[in-house]
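Visitor: Would you mind keeping the following structure in view while I ask a few things?
The values are calculated or read from the model by the stated rules, or taken from the named source; none is laboratory data. Owing to the predicted nature of the structure, the values given are computational and were not obtained by experimental measurement. Positions of Cβ are backbone-derived with ideal geometry, glycine not excepted, and every protein chain shown enters the neighbour counts. In case anyone asks, the SASA skips ligands and DNA or RNA and just uses the protein heavy atoms, side chains included. Shrake-Rupley method; radii C 1.70, N 1.55, O 1.52, S 1.80 Å.
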Amino acid sequence: MFSYGRNNFTWNGTLRELEGSSPAFCTGRLRMTASPGSSSGVEVLLSALQNEGDVESTVNILNVLDELLSAGTDRRIQYMISKGGSEALLTALVKIGRSFTPNYTVLLPLLHLLAKVGHRDRRIGVKAEDAGAVLLTLNLLKQNIKHAKRAAACLWVIQVFSSSVSTANLIGENHGLDVIFHLIPQYTTKHLHTIKAAISAFAALLCTKANVCSVVSKGYVSGLLQLYEDWDSKDTQHAAIPIRHTLLRCLHKVSHSTAGRQAIMSHGGMRLLHQTTQTCLLSKGLESLVEPSVQLMRKCLPKTPLPLPSDHSAYTFPLPGRPRAVPDMDMAPDESSEESDDEEAEENQESESRDYDDDLETDLNKLRLRPDPDRPKELLTQYIRLCPELSHDFEELDLSSESEESSASESSSDEEAVLRSSFSPRSSRKDRKKSDSSTSSSGSPLETEASRKGRTPDAAQLEPHDFHSHSSILSTCLGPRTVVREAKGEVPPGLRGDEELDEEEGAEVTHHGTMTDRLLERHGACIPYHEPKLYCAAAAKTNSIPGFSILAFPDFWGHLPPPGHEPMAPRKPNVQRHKVFEDVQRFLNTDDITNQVVFDLEDSSLQCPSDSLRFFSNFECGNLRKAVQVRRYEYDLILNADANCSQHTQWFYFEVSNMVADVPYRFSVINCEKSNSQFNYGMQPVLYSVREALEGRPHWVRTGTEICYFRNHFCPARGRRRAPFYTLTFTITFKHSEDVCYLAYHYPYTYSALKAHLRVLQKSVDPSQVFFRQQILCGTLAGNSCPLVTITACPASRAWRDMHQLRNRPYIVLTGRVHPGESNASWLMKGTLEFLCSSDPVAQSLREAFVFKIIPMLNPDGVINGTSRCDLNGEDLNRQWCKPDPALSPTIYHTKGFLYYLNSIGRTPLTIPKALDRIAPAFSFNSCNYLVEKSRSATARVVVWREMGVLRSYTMESTYNGCDQGINKGLQTGTRELQEMGVKFCHSLLSVAKDLKALYSRRLISHIDPDHNIMDHKSHNCFEDDEPPCVEEIEYSADCPALKGTDLDSDVNSSMASADEDEGGSGDDEGHRGAKQQQGSISQTQQSRMKSRFFPHLIKQASVETLGEKRNPRHGAAITNGQITN
């Protein structure tokens, strides 16, 4: 219980009882008694505050409330708000403020308390409008402009009220912006708390478009810039950092609108910010001003359209049943769309995100029965041919002398059968091609016997620069194969004639064959499972939209993993800031800017300067649309969007030559689309040097320094606004002059490389032990074949038992590379294929246990044409599984049909994670996600599980970068590690087998048992975040970064504790002291003085401790005449 008299204040009880009990409150003339259980002590205090007319009683009520809130956490303030605390304070404010002569003995503590409480009440602005307190507070401010302390209190409350858009507009409409702006003086050392309060209130009012427009129209932006320049130049002692920071916050608010950014630019704001930031960098104490300035400069850089004729891809392809797409060349950019309400955008994004990621598997309202197949069962019979192991009679097991011939004939029989189903055979031409192919196995038929024995001078004297794009040494022998046909519905796309099928054998027939052969003899490295001649043959018959006629040297020559591991690149502190400064300086100082286009994919006649780098990307998997020389050693690179669309720019792969050694070149890819990238976490692009390869080091190596990835100021060339662009910037210092190098997002793996690799694998296996068949699943839109590989073990004999075991083996279906830019999937698949075809005992056991159906590349056309995510139809194929179109998404349609067929014959495939986690150091089970989100409802993983009942249906994702946990932590993943991961994946499949003892010997079990201790690499116990926040802000900051120790509560408390702004005036030294209190932390003694400042002077400091929650709740505390009694 507590009571208050005119001469004393007595409270019997604890603080907890005050919050939750039912006390009685007494004054000299008023006594309120609440019935037990009807209301809490806080409610009684608030009720008394609204009804009390006595000044001293009101002050003491405010003192108790302030002490109560200051001693606890935000939970107490929220409790008070829930009990009507904001309304009670507003009612008291209106009641006292409307009097003819307001009593500031009451008003000041009331305004201070209202600022603290309202700062945490989201609806304080609306409540203030309803209570009539908004304009009242503005009038109080106008009346007390010359009274610093009173003005500061009003400004804090106005700042709190402005959290509501309608309230901020109301204050702006009543000239509040003008009143507050004129309170901000030029540099001074007096009344710093009030000045900061004025700037903070002004910044808070700029949360609305109307107020920002008003500020811009009245020329206040120029005034803000002048104020910032004045305070920055004269604050030599750095005593007014909070004021300078708050001025930057005002400019940040202004920059949310296009008119505000233009006003900042037109009044020299960019140059001013650049100069002041350079000065701030010289002092560690001014670091808090650097980041807001950098963010402001980034936002104010004018939007620059990409130098492209159209946002549409440079590659267009006519789709079956659709008219040819025509880019909207004359559509002007929609500048009005740049105006957006940040809060509304964030709310919409959050709601979309929640809806997009609903878990369809655990939401009972969205669970449904297995849907019916999307096609008649009669159509599934076409896939019988894709299971040759079920019909093959294995006669070669009894005819060992003819095994080799039989294997050779079987290798292409299925492929030929598919082709003959669509085209009439041309036997004479086919026979002629076969006869030609026999000569190509040992070399070109144009090569004479004499030339084979020696090396010609031309071959011996070849230099790296002889292999650049302008050379014809690596041209495909049959010339370009451009796809310009109109796709027709009556012929399945991609099923070509027999005469084209067999060109692969003799594709290397060219007069360059002699030189290439000698080059391989002289310099060629022994690269496992890679034959350059086979690659040339495969590339010669690969169809592309532009008609590629040049081979990229790394793809032709081959790649060996570099020796040793490559660590993640360390990120230099503030490297992004440094790059932003360079971009701003590029905008401000144009003297050394050339901005000359040196490569254009759409203009082959373009001539570049002799001292410029030379670029080229018109080869398989290549992607670079335009290169612009910005400065002597700086280039902006623009990527080509996916074919038939204007999006998905992330993958790059291009040739660069004519470089100077030991000179740092900066490359900036300026139209990336992802909001974040592994390049911010230690990832590096990869580089391949022709000179290094000719010297015996054919390696793709990680390269680049000063790497960062951040949002930029570029916008689409034409069309409406869409997602922003991001810059990937990195610096490369080439080791050799006049070299020819290739740069790529990740290790490239082409479609031609896959075709050549499958042929090498087919030659490597023992046909009496390994059943290896390569077939055509279907044709693609561009006329390329989508290969399907079958791998299993041949039966031990033709006995019924062995044949029955073969016919009843479970199936494992593996697919890869549905997204062309994910080349790491192909390297992982390469390791899987090579292991399954090897003589390893584990591989042999897997072949005996399972039938593997492997589709290594689901999107051949996308891979060939260098797209990042889509097929030639402009769609993400991994979102087409629900109802794939047989004409537009043939690979998905037929893959799904094949899975339907396996399901119909009782061979539901198994498509392991825990076993993989134990045996593969690079695999993280804790990072796996088994939800079935709405955003994944049309993916292979979900559709195969839902429609076909495949319980073990997984998508295994691989990093472009490296590991952030386990024994490989801090190391980038290379092709060696990716291929090893494919091997580990095969090992993990042993856990699927039902009876290991029946399949494997005891010795083998002890070696490959997933639960064996030897295989426990300790990496699976890590729980680190996959992608932590970047050390620097990638996006534009929605608001100015906060300054530590300068929130509203600390401002109010600091003002209450300081004496430099008393009504009678203050000196310069006191002003400096107040500023230092703003910058530094407040001591415990100062905090105590702040909490009890408005208590009657008789209440001693010890009373503060009495109000703490640490007192024994069983004992009461009484404060009588300032003395504490128990």
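Visitor: Tell me the per residue accessible area of segment 250-310 using a 1.4 Å probe; a whole number in Å² is fine.
Guide: On a per-residue basis, 36 Å².
Visitor: Rounded to the nearest 5, what % of DSSP beta bridges with both residues in segment 759-913 are antiparallel?
Guide: Here the share of antiparallel DSSP bridges comes out near 70 percent.
Visitor: On the protein heavy atoms, probe 1.4 angstrom, tell me the percent of accessible surface of segment 208-331 carried by carbon and sulfur.
Guide: Answer for segment 208-331 is 56 percent, counting heavy atoms of protein chains only.
Visitor: Using a 10 Å cut-off on Cβ atoms, rank the peptides 292-299, 759-766 from the highest mean neighbour count down.
Guide: 292-299, 759-766
Visitor: How large is ³J(HN,Hα) for each residue in segment 112-124, as worked out from phi by the Karplus curve 6.51 cos²θ - 1.76 cosθ + 1.60 (θ = phi - 60°), to whole Hz, x for Gly and Pro?
Guide: Rounded to whole hertz, the list is 4, 5, 5, 5, 5, 6, x, 4, 10, 9, 5, 10, 5.
Visitor: While we're on this one: Leaving out ligands and nucleic acids, note down the accessible area per residue over segment 552-612 with a 1.4 angstrom probe, in whole Å².
Guide: On a per-residue basis, segment 552-612 sits at 52 Å².
Visitor: Still on this model: Would you please put 594-603, 840-849 in order of how densely packed they are, using the mean number of other Cβ atoms within 10 angstrom per residue and starting with the highest?
Guide: By packing density, highest mean first, the sequence is 840-849, 594-603.
Visitor: Once label points are set 7 Å from the Cα along Cα→Cβ at both T73 and R807, what is their separation, rounded to one decimal in nm?
Guide: 7.1 nm
Visitor: Sticking with this one: Rounded if a/c is under 1.5, else prolate if a/b beats b/c, else oblate: with a ≥ b ≥ c from the C-alpha gyration tensor eigenvalues square-rooted, which is segment 127-243?
Guide: Since a/c reaches 1.5 but b/c is at least a/b, the shape of segment 127-243 is classed as oblate.
Visitor: Considering amide H positions built from the backbone, and no H for Pro or chain starts, which residues 5 or more places from Y665, or on another chain, come under 5 Å of its amide H?
Guide: When sequence neighbours closer than 5 places are left aside, the close amide H contacts are I732, T733, F734.
Visitor: Still on this structure: If you take every residue apart from L606 with its C-beta less than 14 Å away from the C-beta of L606, what net charge results, scoring Lys and Arg +1 and Asp and Glu -1?
Guide: Overall, the nearby charge balance is 0.
Visitor: Cα gyration tensor of segment 537-598, axes a ≥ b ≥ c as square roots of the eigenvalues: rounded (a/c below 1.5), prolate (a/b > b/c) or oblate?
Guide: It is oblate, given that a/c is not under 1.5 and a/b is not larger than b/c.
Visitor: In whole percent, how big is the carbon plus sulfur part of the accessible area of segment 631-771, probe 1.4 Å, protein atoms only?
Guide: Carbon and sulfur atoms account for 47 percent of the accessible area of segment 631-771.
Visitor: How would you classify segment 655-767 from its alpha-carbon gyration tensor, with a ≥ b ≥ c the square roots of the eigenvalues: rounded for a/c under 1.5, else prolate if a/b is greater than b/c, otherwise oblate?
Guide: oblate
Visitor: In square angstrom, what is the accessible area per residue of segment 81-222 with a 1.4 angstrom probe?
Guide: Value for segment 81-222: 36 Å² per residue.
Visitor: Moving on to the next point. In the neighborhood of E848, defined by Cβ-to-Cβ distances under 11 Å, what is the net charge if each Lys or Arg adds +1 and each Asp or Glu adds -1?
Guide: Value of the local net charge: +1.
Visitor: Right, here's the next one. Which percent of the accessible heavy-atom area of segment 53-179 goes to carbon and sulfur, probe 1.4 angstrom?
Guide: 52 percent
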